[in-house]
Amino acid sequence: MARYRDGFGEIRAHLDALHAPGGPYHVVCAKTGETPAPLKGLRFDDRQTAAEATEVAATYRAYLRLYDPSVPFTDLIVTEDVEVEAEAGRQPATVNRD
């Protein structure tokens, strides 16, 4: 577990520094698909930065567990938003049944 001298505030500041509003990457729990605290609402520009955020969030959650052992463990994964419109020019496949 990484050490943060100022505790939660420093961890939160680290996550805020990684955050890129509108970024295509975000982090979710692999089991539930939900974004747990402290990552809710945070976006990232690239997969590497989002992966760093998962490590920081794991530290945050470990610190939380020191005060509240009922904080659930999460298996955090990085996901990318993929918009169907991003594949402009592609037409849906059609089947000619004639």
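The values are calculated or read from the model by the stated rules, or taken from the named source; none is laboratory data. In this text, all values refer to a predicted model and were calculated from it rather than measured experimentally. With ideal geometry, Cβ positions are generated from the backbone for all residues, glycine too; neighbour counts draw on all protein chains shown. All accessible areas refer to the heavy atoms of the entire protein, side chains included, with ligands and DNA or RNA removed. Shrake-Rupley method; radii C 1.70, N 1.55, O 1.52, S 1.80 Å.
Descriptive notes on the structure:
- Of the residues making up region 2-46, those that are outside any strand (DSSP E or B) and either on the phi > 0 side of the Ramachandran plot or in contact with a Gly (Cβ under 9 Å, 6 or more places away or on another chain) (or both) are Gly7, His19, Gly22, Gly33, Thr35, Gly41, Leu42, Arg43, Asp45, Asp46.
- When residues of region 27-42 are limited to those that are open to solvent by 50 Å² or more (accessible area, probe 1.4 Å) and closer than 13 Å to Arg61 by Cβ, the one modelled with the highest pLDDT: Lys40
- Among the conditions (1) touching a Gly at 6+ places or on another chain (Cβ under 8 Å); (2) surrounded by fewer than 16 Cβ atoms within 10 Å (Cβ to Cβ), Val82 misses just one, which is (1).
- Scanning region 70-83 for residues that are more than 14 Å from Cys29 (Cα to Cα) and modelled with pLDDT under 95 gives Asp81, Val82, Glu83.
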